[in-house]
Amino acid sequence: ASQVHGTSAVIVKKAWSYDQAPTADALVTNSSGIILAVLTADCAPILLADRKNFVVGVVHAGWRGALGGVVSSGIDAMLALGAFRSSICAVIGPCIGPDSYEVGEEFFQSFIKDDNTSQNFFRPASRLQHHLFDLPGYVKYRLESEGIKDVFNVERDTYVEKSVFFSYRRNMQHGERRYGRLLSAISLRVGAD
(Lines give C-alpha, C1' and ligand atoms only; values in the text may rest on other atoms or scores of the structure.)
Protein backbone atom coordinates (compact mmCIF):
# COMPACT_ATOMS: atom_id res chain seq x y z
CA ALA A 1 0.00 0.00 0.00
CA SER A 2 0.97 3.63 -0.16
CA GLN A 3 1.84 4.24 3.50
CA VAL A 4 1.21 7.71 4.92
CA HIS A 5 1.57 7.30 8.71
CA GLY A 6 -2.20 7.28 8.93
CA THR A 7 -4.88 5.03 10.36
CA SER A 8 -6.64 3.57 7.32
CA ALA A 9 -7.01 -0.19 6.94
CA VAL A 10 -7.79 -1.99 3.69
CA ILE A 11 -9.31 -5.45 3.27
CA VAL A 12 -7.35 -7.16 0.50
CA LYS A 13 -9.18 -9.61 -1.74
CA LYS A 14 -6.72 -9.64 -4.64
CA ALA A 15 -3.27 -8.32 -5.47
CA TRP A 16 -2.85 -4.95 -7.17
CA SER A 17 -0.19 -3.31 -9.28
CA TYR A 18 2.11 -0.66 -7.85
CA ASP A 19 0.21 2.19 -9.51
CA GLN A 20 -3.11 0.92 -8.09
CA ALA A 21 -1.92 0.68 -4.47
CA PRO A 22 -4.43 2.15 -2.01
CA THR A 23 -3.39 4.61 0.67
CA ALA A 24 -3.36 2.66 3.93
CA ASP A 25 -1.18 1.70 6.88
CA ALA A 26 -2.96 -1.57 7.70
CA LEU A 27 -3.80 -4.45 5.38
CA VAL A 28 -5.87 -7.54 6.21
CA THR A 29 -7.07 -10.57 4.29
CA ASN A 30 -8.80 -13.91 4.64
CA SER A 31 -7.69 -14.99 1.15
CA SER A 32 -4.92 -17.55 0.90
CA GLY A 33 -2.07 -16.86 -1.48
CA ILE A 34 -2.01 -13.11 -0.85
CA ILE A 35 1.10 -11.71 0.81
CA LEU A 36 0.53 -8.60 2.91
CA ALA A 37 3.55 -6.38 3.58
CA VAL A 38 4.62 -3.07 5.06
CA LEU A 39 7.86 -1.15 4.73
CA THR A 40 9.55 0.36 7.80
CA ALA A 41 12.79 2.08 8.73
CA ASP A 42 12.19 2.71 12.49
CA CYS A 43 8.39 2.48 12.62
CA ALA A 44 6.95 -0.68 14.15
CA PRO A 45 5.72 -3.40 11.81
CA ILE A 46 2.96 -5.49 13.41
CA LEU A 47 2.04 -8.91 12.07
CA LEU A 48 -1.40 -10.19 13.14
CA ALA A 49 -2.89 -13.65 12.76
CA ASP A 50 -6.07 -15.42 13.76
CA ARG A 51 -5.19 -18.99 12.84
CA LYS A 52 -8.53 -20.36 14.03
CA ASN A 53 -10.57 -18.12 11.76
CA PHE A 54 -8.04 -17.77 8.91
CA VAL A 55 -7.50 -14.01 8.94
CA VAL A 56 -4.13 -12.22 8.84
CA GLY A 57 -3.06 -8.60 8.88
CA VAL A 58 -0.06 -6.31 8.84
CA VAL A 59 0.17 -2.82 10.34
CA HIS A 60 2.67 0.00 9.83
CA ALA A 61 2.77 1.77 13.21
CA GLY A 62 4.88 4.87 13.42
CA TRP A 63 4.18 7.21 16.30
CA ARG A 64 1.51 9.14 14.38
CA GLY A 65 -0.38 6.05 13.30
CA ALA A 66 -0.03 4.36 16.69
CA LEU A 67 -1.31 7.46 18.47
CA GLY A 68 -4.05 7.98 15.88
CA GLY A 69 -5.44 4.45 16.09
CA VAL A 70 -3.95 2.39 13.25
CA VAL A 71 -3.77 -0.63 15.57
CA SER A 72 -7.53 -0.40 16.19
CA SER A 73 -8.22 0.05 12.48
CA GLY A 74 -6.24 -3.07 11.59
CA ILE A 75 -7.95 -5.17 14.25
CA ASP A 76 -11.41 -3.85 13.32
CA ALA A 77 -10.78 -4.83 9.69
CA MET A 78 -9.77 -8.33 10.82
CA LEU A 79 -12.96 -8.60 12.90
CA ALA A 80 -14.97 -7.62 9.82
CA LEU A 81 -13.52 -10.71 8.10
CA GLY A 82 -14.50 -13.04 10.94
CA ALA A 83 -11.52 -12.87 13.30
CA PHE A 84 -12.01 -12.84 17.07
CA ARG A 85 -9.95 -10.70 19.44
CA SER A 86 -9.41 -13.69 21.71
CA SER A 87 -7.71 -15.69 18.95
CA ILE A 88 -5.58 -12.96 17.35
CA CYS A 89 -1.86 -13.10 18.07
CA ALA A 90 0.54 -10.26 17.27
CA VAL A 91 4.25 -9.86 16.63
CA ILE A 92 5.93 -6.46 16.90
CA GLY A 93 8.87 -6.50 14.52
CA PRO A 94 12.16 -4.58 14.53
CA CYS A 95 11.70 -0.87 15.20
CA ILE A 96 13.45 1.99 16.96
CA GLY A 97 14.05 0.97 20.56
CA PRO A 98 13.20 2.69 23.84
CA ASP A 99 16.84 3.71 24.44
CA SER A 100 17.19 5.26 20.98
CA TYR A 101 14.04 7.29 20.38
CA GLU A 102 14.64 10.76 21.83
CA VAL A 103 11.76 13.20 21.41
CA GLY A 104 10.90 16.73 22.46
CA GLU A 105 8.34 18.09 24.89
CA GLU A 106 5.68 18.77 22.23
CA PHE A 107 5.80 15.11 21.15
CA PHE A 108 5.45 14.00 24.78
CA GLN A 109 2.50 16.36 25.38
CA SER A 110 0.61 15.11 22.32
CA PHE A 111 0.59 11.59 23.83
CA ILE A 112 -0.30 12.74 27.35
CA LYS A 113 -3.13 14.89 26.00
CA ASP A 114 -4.58 11.83 24.25
CA ASP A 115 -4.17 9.41 27.19
CA ASN A 116 -2.45 10.23 30.48
CA THR A 117 -1.44 6.55 30.79
CA SER A 118 0.94 7.22 27.88
CA GLN A 119 3.41 8.80 30.29
CA ASN A 120 4.42 5.22 31.18
CA PHE A 121 6.16 4.99 27.79
CA PHE A 122 8.41 8.00 28.33
CA ARG A 123 11.41 8.59 30.53
CA PRO A 124 13.74 11.59 30.82
CA ALA A 125 16.51 11.93 28.24
CA SER A 126 19.86 13.54 28.96
CA ARG A 127 18.82 16.79 27.25
CA LEU A 128 16.52 19.17 29.11
CA GLN A 129 12.83 18.85 28.12
CA HIS A 130 13.52 15.76 26.06
CA HIS A 131 12.26 12.24 26.60
CA LEU A 132 13.03 8.72 25.47
CA PHE A 133 9.94 7.12 23.94
CA ASP A 134 9.23 3.39 24.04
CA LEU A 135 7.50 2.85 20.68
CA PRO A 136 7.32 -0.96 20.87
CA GLY A 137 6.01 -0.74 24.45
CA TYR A 138 3.37 1.76 23.38
CA VAL A 139 2.35 -0.43 20.42
CA LYS A 140 2.05 -3.43 22.77
CA TYR A 141 -0.13 -1.32 25.09
CA ARG A 142 -2.39 -0.38 22.16
CA LEU A 143 -2.68 -4.04 21.12
CA GLU A 144 -3.50 -5.13 24.67
CA SER A 145 -6.03 -2.28 24.97
CA GLU A 146 -7.78 -3.85 21.97
CA GLY A 147 -8.03 -7.17 23.80
CA ILE A 148 -5.08 -8.87 22.10
CA LYS A 149 -3.45 -10.96 24.81
CA ASP A 150 -0.91 -12.93 22.77
CA VAL A 151 1.68 -10.25 21.87
CA PHE A 152 5.35 -10.91 21.15
CA ASN A 153 7.96 -8.18 20.71
CA VAL A 154 11.13 -9.26 18.89
CA GLU A 155 13.01 -6.52 20.82
CA ARG A 156 15.32 -5.52 17.98
CA ASP A 157 16.38 -1.86 17.74
CA THR A 158 16.72 -0.64 14.15
CA TYR A 159 18.65 2.47 15.25
CA VAL A 160 21.37 0.61 17.16
CA GLU A 161 21.76 -2.49 15.00
CA LYS A 162 23.36 -0.76 12.02
CA SER A 163 24.78 -3.91 10.41
CA VAL A 164 21.35 -5.58 10.35
CA PHE A 165 18.62 -2.94 9.97
CA PHE A 166 17.86 0.27 8.10
CA SER A 167 17.07 3.32 10.24
CA TYR A 168 15.62 6.58 8.97
CA ARG A 169 16.58 8.43 12.16
CA ARG A 170 20.14 7.14 12.24
CA ASN A 171 20.72 8.12 8.63
CA MET A 172 19.18 11.58 9.04
CA GLN A 173 21.26 12.28 12.16
CA HIS A 174 24.40 11.39 10.21
CA GLY A 175 23.45 13.58 7.26
CA GLU A 176 22.65 10.62 5.02
CA ARG A 177 19.48 11.46 3.15
CA ARG A 178 19.18 8.03 1.55
CA TYR A 179 18.06 5.06 3.57
CA GLY A 180 16.63 1.64 2.91
CA ARG A 181 13.52 0.04 4.29
CA LEU A 182 12.69 -3.26 5.93
CA LEU A 183 9.90 -5.43 4.57
CA SER A 184 7.66 -7.31 7.00
CA ALA A 185 5.19 -9.71 5.44
CA ILE A 186 2.56 -12.28 6.33
CA SER A 187 0.34 -14.59 4.31
CA LEU A 188 -2.40 -17.09 4.97
CA ARG A 189 -2.03 -20.73 4.05
CA VAL A 190 -5.34 -22.44 4.78
CA GLY A 191 -4.83 -26.00 5.93
CA ALA A 192 -1.22 -25.41 7.01
CA ASP A 193 -0.07 -26.31 10.51
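The values are calculated or read from the model by the stated rules, or taken from the named source; none is laboratory data. Since the structure is predicted, the reported quantities are computational estimates derived from the model, not experimental observations. Glycine gets a Cβ as well: all are built from the backbone with ideal geometry, and neighbour counts include every protein chain shown. These accessible areas exclude ligands, DNA and RNA; they are computed on the full protein's heavy atoms, side chains included. Shrake-Rupley method; radii C 1.70, N 1.55, O 1.52, S 1.80 Å.
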**Study point:** Relative contact order (%) - criterion: Cα under 8 Å, at least six apart; region: segment 1-113
**Key:** 27 percent
Check your understanding: K140: which lysines have alpha carbons under 19 Å from its alpha carbon, excluding same-chain residues fewer than 8 sequence positions away?
Key -> K149
Point to revise | Choice from A21, A44, A90 showing the highest fluctuation, given a GNM over the chain with Cα pairs closer than 10 Å | key: A21
Review point. At q = 0.13 Å⁻¹, what log₁₀ I(q)/I(0) does a Debye calculation on the Cα points of the chain give, no solvent, two decimals?
Key: -0.67
Study note, to complete from the structure: With all protein chains present, the chain has a carbon and sulfur share of its accessible area (1.4 Å probe) in percent of 50 percent
Point to revise | Average accessible area per residue (Å²) across segment 1-158 - probe 1.4 Å, nucleic acids and ligands excluded | key: 48 Å²
**Study point:** Length released on extending from H5 to R85, taking residue separation times 0.36 nm less the Cα-Cα span
**Key:** 26.4 nm
Exercise for review: Could you list the GluC sites (Glu not before Pro) in segment 91-193 that lie in coil according to DSSP, counting only those with at most 15 other Cβ atoms within 10 Å of their Cβ?
Suggested key: E155, E161, E176
Revision key, fill the gap. GNM of the chain, Cα pairs under 10 angstrom: of L81, L48, L128, the biggest fluctuation goes to L128
**Study point:** ³J(HN,Hα) computed for each position of segment 36-41 - Karplus, 6.51 cos²θ - 1.76 cosθ + 1.60, integer Hz, glycine/proline x
**Key:** 9, 8, 10, 9, 9, 8
**Study point:** All aspartates and glutamates inside 16 Å of K162 as judged from Cα atoms, apart from same-chain residues fewer than 8 positions distant
**Key:** D42, D99, E176
Point to revise | Amide H contacts under 5 Å for S8, placed H, 5+ residues apart | key: D25
Exercise for review: For S110, put the label point 7 Å out on the Cα→Cβ axis and report which residues of segment 64-82 keep their amide N under 13 Å from it.
Suggested key: 64-69
**Study point:** Sparse-neighbourhood loop sites, trypsin sites (Lys or Arg not before Pro) in segment 19-91 - DSSP loop, at most 16 other Cβ within 10 angstrom
**Key:** R51, K52
Exercise for review: Quote the relative contact order of the chain in percent (integer), defining contacts as alpha-carbon pairs under 8 Å separated by 6+ residues.
Suggested key: 26 percent
Practice item. Only bridges with both residues in segment 51-193 count here: give the DSSP antiparallel percent, nearest 5. Key: 55 percent
Exercise for review: Calculate, for N53 and Q129, the FRET efficiency according to 1/(1 + (r/R0)^6) with r their C-beta to C-beta distance and R0 30 Å; round to the nearest 0.05.
Suggested key: 0.05
